[in-house]
1. Please list, ordered by first then second residue, the pairs with beta carbon atoms under 7 Å, 6 or more apart or interchain, first in the stretch 36-55 and hydroxyl-bearing (S, T, Y), second at pLDDT 75 or above.
2. Return yes when I31 is at pLDDT 70 or above, in the same structural domain as G75 (by TED's automatic domain parsing) and either outside any helix (DSSP H, G or I) or in contact with an Asp or Glu (Cβ under 9 Å, 6 or more places away or on another chain) (or both) and no when it is not.
3. Only one of these conditions is not met by I156: (1) surrounded by fewer than 16 Cβ atoms within 10 Å (Cβ to Cβ); (2) touching a residue at least 12 places away in the same chain (Cβ under 8 Å). Which number is it?
4. At least 2 residues that are at pLDDT 95 or above, in contact with an Asp or Glu (Cβ under 6 Å, 6 or more places away or on another chain) and not assigned by TED's automatic domain parsing to the domain that holds I22 in each: list the helices (runs of 4 or more DSSP H) lying fully within the stretch 173-281 that qualify.
5. Just give me the residues in the stretch 194-221 being within 24 Å of I151 (Cα to Cα), of a type outside the set (K, R) and in contact (Cβ under 8 Å) with a residue 40 or more places away in the chain, in sequence order.
6. Condition first: at pLDDT 80 or above, closer than 19 Å to K245 by Cα and touching a helix residue (DSSP H, G or I) at 6+ places or on another chain (Cβ under 8 Å). Can you find one or more residues in the stretch 135-150 that meet it?
7. Please go through the stretch 134-172 and pick out each residue that is among the hydroxyl-bearing types (S, T, Y), over 17 Å from the mean Cα position of the chain (by Cα) and assigned to a loop (DSSP other than H, G, I, E, B).
Amino acid sequence: MEQLLNKIVSGIGFTDILDILIVTFIIYKLIGFIKETRAEQLAKGLLLLVIATLLSKEFQLYTLHWILSGLMTVGLIAVVVIFQPELRRGLEYLGRSKFSNVLNEVDKEEAKYMVGQLVEAIDSMSASRTGALIVIERETALNDIAETGTIIDAAISEQMIGNIFYEGAPLHDGALIIRGDRLHAAGCVLPLTQNKNLNKELGTRHRAGIGITENSDALVIIVSEETGIISIAQNGKLTRFLDVKKIEKTLYNIYLEESKRTWGEKVKSILKGVKQGGKKC
């Protein structure tokens, strides 16, 4: 027995171990991804179908096995159709561009000025109950989202932001995308979240804010038109009832702390992104 074990161990090379680790990691992430989405119940149904097919063959239930085998063949195509939203979300996650960060182009003094202008605009809109949806682009490029609106490429200022979201203005109903130190695009259409567990009181503006953070690393600031409540959406999670001090601190963290990261820290962030958890709301 000992000789057999030694023979097995001696036959395992570095590439074999690496192969096993990679496959194990992929399976682990796949299971985690299924558990975090509505695909879990569908996956359970498919698993039961596979088990039923194997059992029908084992107990020589020929007619049942023939039917189930046919369903399994068609099921390969059905899986792609049924899991289309989840597959798309997973591919979008893997395809995110993480090697450039436009925020790093903003210096400290400029960042302080921009944060001040943003906070003043948000505070003013909250007080007047002016609905707003502000998307701060980070490492994931939002070019496809920007194309749904109007490119404005304007300097960040309280007055400009107020004009964009002023009720009756042409671009007030869409989202404003901030890229680096510029108001990049306004009137943009965001994807709505598919999460069914959200508070029924949340309207389209909040659902759109959550939706874009499920497919990117953007930070979204939302001002409710009905109540003036300020919220932040990030990583698919919505945090409500925030004051301007919290908004200011969050913006400083983005514009100042991220710009101090070394290249090595950025690489670690990229690798850490692979291990990020699901989408809470």
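1. Listed pairs, sorted by first residue: T53/H65; T53/L68; T53/S69; T53/M72.
2. On the way: at pLDDT 70 or above: yes; in the same structural domain as G75 (by TED's automatic domain parsing): yes; either outside any helix (DSSP H, G or I) or in contact with an Asp or Glu (Cβ under 9 Å, 6 or more places away or on another chain) (or both): no.
Criteria not met by I31.
3. With respect to (1) surrounded by fewer than 16 Cβ atoms within 10 Å (Cβ to Cβ); (2) touching a residue at least 12 places away in the same chain (Cβ under 8 Å), I156 is out only on (1).
4. Details: elements: 204-214, 244-252, 263-273.
Correct list: empty, since no element meets the threshold.
5. Correct list: A208, G209, I210, I212, E214, N215, S216, D217, A218, L219, V220, I221.
6. Within the stretch 135-150, the subset at pLDDT 80 or above is 135-150.
In the following step, the residues that additionally are closer than 19 Å to K245 by Cα were identified as 135-136.
Next, only the ones that are touching a helix residue (DSSP H, G or I) at 6+ places or on another chain (Cβ under 8 Å) stay: 135-136.
Looking for residues that are at pLDDT 80 or above, closer than 19 Å to K245 by Cα and touching a helix residue (DSSP H, G or I) at 6+ places or on another chain (Cβ under 8 Å), one finds at least one in the stretch 135-150, hence yes.
7. Here is the first cut: in the stretch 134-172, the ones among the hydroxyl-bearing types (S, T, Y) are 140, 148, 150, 157, 166.
Next, only the ones that are over 17 Å from the mean Cα position of the chain (by Cα) stay: 148, 150, 157, 166.
Once the filter is applied, which keeps residues that are among the hydroxyl-bearing types (S, T, Y), over 17 Å from the mean Cα position of the chain (by Cα) and assigned to a loop (DSSP other than H, G, I, E, B), the stretch 134-172 yields T148, S157, Y166.
Listed here are the residues, each with its yes/no results for (1) closer than 30 Å to V244 by Cβ; (2) in a helix (DSSP H, G or I); (3) modelled with pLDDT under 90.
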| residue | (1), (2), (3) |
| --- | --- |
| L42 | no, yes, yes |
| T53 | no, yes, yes |
| T63 | no, yes, no |
| E86 | no, yes, yes |
| G116 | yes, yes, no |
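The values are calculated or read from the model by the stated rules, or taken from the named source; none is laboratory data. The model shown is predicted, which means the values in this text are computed figures rather than measured ones. Because the Cβ atoms are built from the backbone with ideal geometry, glycine has one as well, and the counts that use them run over all protein chains shown.
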